[in-house]
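Have a look at the structure below before the remarks.
Read the figures in this text as sums done on the coordinates, not as results from a lab. Remember, predicted model here, so these are calculated numbers, not experimental data. When we count neighbours, we look across all protein chains shown, and the Cβ atoms used for this are built from the backbone with ideal geometry, even at glycine.
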Amino acid sequence: MELPWYAQLGAHNNPQTIAASNTAAVMVIWAEKVGQNREWDHKPKILEKFNNDVRHKQGRYAYYYEIWSNIHYGYIGMAAGFSESLILEGAGL
């Protein structure tokens, strides 16, 4: 059943609706920044800079090149206020 016109006017003014729409907008912006081959996806830039060498030695440890972009993703995501679980869920997208 459709709401009367006067009830529809205020339908988007409740805090839950506003929060949900803001969260969705923020997630779209985040995905545009960190998605594959996007501005904050450093993996292609690292490969290019180091002539496609995918392993980096730091002291006694060898790291796969993706680690630097993944650290950035997690650090900035937490600083932006995303929960750890949300960051981990979004990492595979």
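Could you order peptides 28-41, 57-70 by the average number of other Cβ atoms within 10 Å of their residues, highest first? Intermediate results must be reported in sequence, preceding the final value.
Values: 28-41: 12.8, 57-70: 11.1.
Packing proxy ranking, top to bottom: 28-41, 57-70.
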Inset, instruction - Rounded, prolate or oblate: pick one for the stretch 19-93, where a ≥ b ≥ c are the square roots of the eigenvalues of its C-alpha gyration tensor, a/c under 1.5 means rounded, and failing that, prolate if a/b is larger than b/c, else oblate. - result: prolate
Inset, instruction - Using R₀ = 35 Å, calculate the FRET efficiency as 1/(1 + (r/R₀)^6) where r is the Cβ-Cβ separation of Ala31 and Arg60; round to 0.05. - result: 0.45
